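Chemist: Right, I'll just put the structure down here and ask away after.
Just so it is clear, none of the values below were taken in a lab; they were calculated from the coordinates. For clarity, every value in this text was computed on a predicted model and none was experimentally measured. Neighbour counts run over all protein chains shown; Cβ positions are idealised from the backbone, glycine included.
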Amino acid sequence: MAVTILSRGALAFVAKDVYRKMDEAQEQLFAYFYHLDKGDEQSADVAFSEYIRLGDIAVQAKRELLKKRADWAQWRTKRR
């Protein structure tokens, strides 16, 4: 199976996507403790569930970025 090597620009685009996904998860974590502080446990539970869901998506995206970055670094090393 062939490995597609991304350019630095494409890696930057993937990194921005990872950042966006992590930011979305972090917003839900903020909402979680905000609702807890306000005493709204139902909203806190919803926010926590969203944090877990979005966090899992962000973690998967981060793993893909790490893999692509490693492939790119290895390709760059072999090319020299």
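Chemist: Against the longest alpha carbon principal axis of the chain, how many degrees, from 0 to 90 and to the nearest 10, is the axis of helix 8-38 turned?
Modeler: 10
Chemist: For K67, go through the aspartates and glutamates and keep the ones whose alpha-carbon is under 18 Å away, minus same-chain ones fewer than eight residues off.
Modeler: Counting by Cα, and skipping residues close in sequence, K67 has these aspartates and glutamates nearby: D17, D56.
Chemist: Here's a follow-up. Between E41 and W75, what length comes free when the chain is fully extended (0.36 nm per residue of separation minus the Cα-Cα distance, one decimal in nm)?
Modeler: On the way: separation 34, 0.36 × 34 = 12.24 nm, distance 5.01 nm.
That pair, E41 and W75, stretches by 7.2 nm at full extension.
Chemist: How big is the Kirkwood radius of the chain, worked out from every pair of different alpha carbons and given in Å to one decimal? Spell out each step's value before the answer.
Modeler: Numbers: mean 1/r = 0.0697 Å⁻¹.
Evaluated over the chain, this radius sits at 14.3 Å.
Chemist: Give me the distance in nm between label points sitting 7 Å out from Cα along the Cα-to-Cβ direction at K16 and S49, one decimal.
Modeler: Calculated label separation equals 3.3 nm.
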